[in-house]
Amino acid sequence: MSDEIKFSSMGGIEIPPREELNTDLQIEELPLPEVVYLPVKQHIGRPGKIIVNKGDYVKRGQCIVEEQEGVSARLHASVSGEILDIKEIPDGMGGKSEAIIIKRDQNSEFKRIDFSLKNKKEKSAEEIREIIKNSGIIGMGGAGFPTHIKLSPPADKPIDTIIINGSESEPYIAVDDRTMQEKTAKIFRGLELIKKAVGAENGFIVCEENKKNAIKKLAAESQNWPELNYQIVDSLYPHGAEKMLIEACLNREIPEGELPMEVGVIVNNVQTAVAVAEAVDEQQPVVDRIVSVSGYGIKNPKNLIVPLGTPIKELIDYCGGLVSKKSILIIGGTMTGFRAESTKIPVSKTGFGIIVLSEAEYKEYESRVCIRCAKCVDACPVYITPNRITDFINNDYLEEAEALSLASCIECGSCAYVCPAGRPLLRWLREGKARVRKRNN
Amino acid sequence: MNLKLSGPHIGTDDTIEKTMWNVVLALIPAAAAAAVFFGYYALFLIFSTAVFSALLEYPFTKKFPGDGSAFVTGMLLGMSIPADSPFWLPLVGAFFSIIVAKQLFGGLGNNIFNPALAGRAVIRISFASHFSSWPAPFDAVAGATPLAQRAADSSYTYLSENGLSGLWNLFSGNIPGAIGETSALALLIGAAFLYYKGYIDWRIPGAFITAVIITSALLGVNPALSIFSGAVILGAFFMATDMVTSPAAKEGRLFFGAGCGALTVLIRYFSSYSGGVTFAILTMNSLSYLFDHLFEGFHYGQYQIRKINYKIIGAAVIAAVIIVLFSYFSLLIS
Ligand code: SF4
Ligand code: SF4
């Protein structure tokens, strides 16, 4: 394509990206953990079926949870070893979920960093989709939607464009940035495969304009892929979200309540693209993921590649530990993620970051009275009015909140970020959505 | 899910206090201009009202000087009276502003009417004699404001008599008028600061001024005079933009500003009060929640509804313009 920057006209806010922390750090291997905790359900949809038992010996890459009918995904063992137990553990969002606990066999060593592209194999579209399903690939940018379902749109919804999203807009995180710099070829290969699986004509990788090094790598690598392209977009938050990307790059608007495929587009994260390339070319299911450990509350920020299920404690220890006891631990991004109550929570397929905030960085909510300053309205990228919706939610007028397009909220948190009254708007919006779900069930 | 653990975990360092004290900062140029044009007594009036307002809030908030909102109210009130007012006049207004218009409605965030304007309206009506003659800058002879002159003899000669220097005087504030209203230049400097800091949005002032220009032109009043004489600049950038009492929805803000502007000119033209801006904004304040509801605008993904609605609105606007022009010309002819 070109080095022209495309801008989204939708609302957005400037968040300092904290580039100085993680952007220039190479991805490193974390020493292997002794025990991994693999939550059975790491995706959106129905949980899979556990096909192993306590005491079984499993090998790295062996399927331990099989997908069910409908929207569901597989899970594979991330280390070789014996299954210690299958029980409930904290899920990182304040709830509990079932997990398979594996004790690593000391003799099993394996190599995780292999960024070169090798033995490209030609496969048909069906074969590619089958491999993706068998490899347990889900949206690894955080959404967690099973990729094989995403890549099988109904016949009446032709897809013309595949977008590979490398514009993680969360501050602190450098996972996509580093992947674009270090696994550039694999991303292009993944895009090629996804394009083929869906039968789309166009495909491009999107990168934010402030990731200069990644753009250079993409520009150089794109010479080898005449059919594929890259596109630079502005770096306001949350313009890395798929609705904003589609608007900026293609000027298409998804009708309310529909998916991107309604306008002929499928968006995948760069991690997903890499996973597809590795699954097809190297028969490697999703067993590792790249995590940014960042923030001013951690001694040595790092970008790590870790086996799934590693407790975050091991990552934190490897990064030198917390600066102070009062540091605040967050799983996922600082905008959309959850505060961790315990360091036993494992890394999941969608867990792109562990952020340790110093006390000074952390925003305490005060819930003061709304002064109707409209900052949240101006910040909202989907043009809804967070101040009014949350008023309705807090007073239990769910219908009114829904009429104001509560469902369109992408839970980006921009509204709460800018609110001068310290109102926890995103919490309330999530609360409203949860209540709507409960009522509908 | 435990939502107590949900993010965002970072935020801007913006607070209500910061917002309000920035508005105070933005009013400083106008206060300085007032000191230059009207002497230090004007400055005393502005700040005594501000401090008194903040004190009045103490029983309710147990804080002094509090979040700054009362201070802003007091400053605005002090700026909207004649420079030769007795010192107690704005204090009476402040009492009404803070106690009745603000705290009795539930305090900051819950008041329906702009407190400063509510207070001003009360003293404007109760002590009308103090508002009949406005001291001119530099201790010149007290006189009617250019607006009131227009009302007195409809030949409306201020600009044609004074030419370009008249326009400059209007703009810089060298004309009779309320303490803080006269210097458009100083007010605009403050407004530019607020805009740069993101505390005001272009929609309300933009629509306000545009509506003033259009309505004035339709009524045959010189738009420049309408804008720079009287409280339009102060009203458009500092009063109508008051966060609590203006709509939050984007399109609502446009309609709100336009309503304020049109009403200002209409009130000035058809009534004997010089307080067009005050009553226009207070009237629109009462509609602000309604406008939030009616003109929320369209959400992402509603483009089909949006297209249809824009067609209807466009057709309505064109029809309205044709009707107005038609009646205007038929009046001219008759
Ligand atoms: S969290 Fe929802 S309401 Fe708030 S800014 Fe994002 S999309 Fe808008
Ligand atoms: S940003 Fe906060 S104070 Fe301002 S309108 Fe929204 S909720 Fe109210």
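The values are calculated or read from the model by the stated rules, or taken from the named source; none is laboratory data. Bear in mind that the values here come from a model prediction, so they are computed numbers and not experimental data. When we count neighbours, we look across all protein chains shown, and the Cβ atoms used for this are built from the backbone with ideal geometry, even at glycine. Side chains are part of the model used for accessible areas, which takes the heavy atoms of the whole protein and leaves out ligands, DNA and RNA. Shrake-Rupley method; radii C 1.70, N 1.55, O 1.52, S 1.80 Å.
One line per residue, one yes/no per condition, for (1) outside the structural domain of A:K196 (by TED's automatic domain parsing); (2) buried (at least 23 other Cβ atoms within 10 Å of the Cβ); (3) part of a helix (DSSP H, G or I):
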position: A:G240; (1), (2), (3): no, yes, no
position: A:E256; (1), (2), (3): no, no, no
position: A:E278; (1), (2), (3): no, yes, yes
position: A:S292; (1), (2), (3): yes, yes, no
position: A:Y296; (1), (2), (3): yes, no, no
position: A:N300; (1), (2), (3): yes, no, no
position: A:L304; (1), (2), (3): yes, yes, no
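Residue count for region B:250-271, restricted to those that are crowded, with 24+ Cβ neighbours inside 10 Å and hydrophobic (A, V, I, L, M, F, W, C): 3. Cβ-Cβ distances below 9 Å connect the following pairs, each with a first residue in region B:181-198 that is within 14 Å of chain A (Cβ to nearest Cβ), a second residue that is outside any helix (DSSP H, G or I) and surrounded by fewer than 17 Cβ atoms within 10 Å (Cβ to Cβ), and a separation of six or more residues or different chains: B:Y195/B:W202. Output the residues belonging to region A:306-331 that are under 20 Å from A:D176 (Cβ atoms) and open to solvent by 10 Å² or more (accessible area, probe 1.4 Å). Selection gives A:I331 alone.
Go through region B:1-26 and give me each residue that's within 14 Å of chain A (Cβ to nearest Cβ) and among the β-branched types (V, I, T). Scanning region B:1-26 gives B:I10, B:T12, B:T15, B:I16, B:T19, B:V23. Quick one: would you say B:P29 is over 26 Å from A:S367 (Cα atoms) and either touching a Lys or Arg at 6+ places or on another chain (Cβ under 9 Å) or more than 14 Å from every other protein chain (Cβ to nearest Cβ) (or both)? So B:P29 passes the test.
Hey, any hits in region A:336-351 for a residue that's within 12 Å of A:I173 (Cα to Cα), touching a Lys or Arg at 6+ places or on another chain (Cβ under 9 Å) and more than 14 Å from every other protein chain (Cβ to nearest Cβ)? Looking through region A:336-351, at least one residue is within 12 Å of A:I173 (Cα to Cα), touching a Lys or Arg at 6+ places or on another chain (Cβ under 9 Å) and more than 14 Å from every other protein chain (Cβ to nearest Cβ). Taken over region B:15-32, the criterion of being over 18 Å from the mean Cα position of the chain (by Cα) and open to solvent by less than 20 Å² (accessible area, probe 1.4 Å) is satisfied by B:I16 alone.
Which pairs turn up if I take residues in region B:293-322 that are of a type outside the set (G, A, S) and look for partners that are part of a helix (DSSP H, G or I) with beta carbon separation below 6 Å, at least 6 apart in sequence or on another chain? Note: pairs meeting the criteria are B:F295/B:E251; B:F295/B:G252; B:F295/B:F255; B:F298/B:R306; B:H299/A:S408; B:Y300/A:S408.
Would it be correct to say that A:R372 is farther than 24 Å from A:S9 by Cα, of a type in the set (D, E, K, R), within 16 Å of ligand 2 (Cβ to nearest atom) and assigned to a loop (DSSP other than H, G, I, E, B)? When the stated conditions are applied, A:R372 does not pass them. Residue count for region B:215-236 satisfying the condition of being assigned to a helix (DSSP H, G or I), touching a residue at least 40 places away in the same chain (Cβ under 8 Å) and open to solvent by 40 Å² or more (accessible area, probe 1.4 Å): 3. Scanning region A:427-441 for residues that are more than 9 Å from chain B (Cβ to nearest Cβ) and open to solvent by 50 Å² or more (accessible area, probe 1.4 Å) yields a total of 6. If you go through region B:272-298 and pick out every residue that is within 12 Å of chain A (Cβ to nearest Cβ) and open to solvent by less than 10 Å² (accessible area, probe 1.4 Å), you end up with 3. In region A:370-386, the residues that are closer than 16 Å to B:T15 by Cβ form no Cβ pair under 8 Å with any partner that is within 7 Å of ligand 1 (Cβ to nearest atom) and open to solvent by 20 Å² or more (accessible area, probe 1.4 Å), whether six or more places apart or across chains. In region A:2-27, of all residues being more than 12 Å from chain B (Cβ to nearest Cβ) and among the hydroxyl-bearing types (S, T, Y), the one that is least open to solvent (accessible area, probe 1.4 Å) corresponds to A:T23.
Just to be sure I understand, how many residues within region A:342-368 are surrounded by 15 or more Cβ atoms within 10 Å (Cβ to Cβ) and more than 16 Å from ligand 1 (Cβ to nearest atom)?
First pass over region A:342-368, keeping only residues surrounded by 15 or more Cβ atoms within 10 Å (Cβ to Cβ): A:343, A:345-358, A:361-363, A:365, A:368.
With more than 16 Å from ligand 1 (Cβ to nearest atom) added as a condition, the list becomes A:343, A:345-358, A:361-362, A:368.
Residues that pass the stated criteria total 18.
Scanning region B:282-310 for residues that are in contact with a Gly (Cβ under 6 Å, 6 or more places away or on another chain) and in a helix (DSSP H, G or I) returns B:M284, B:F291, B:D292. Whenever a residue of region B:61-81 is in a helix (DSSP H, G or I), it has no partner that is aromatic (F, W, Y) and at pLDDT below 90 lying with C-beta atoms less than 6 angstrom away and at least six residues away or across chains.
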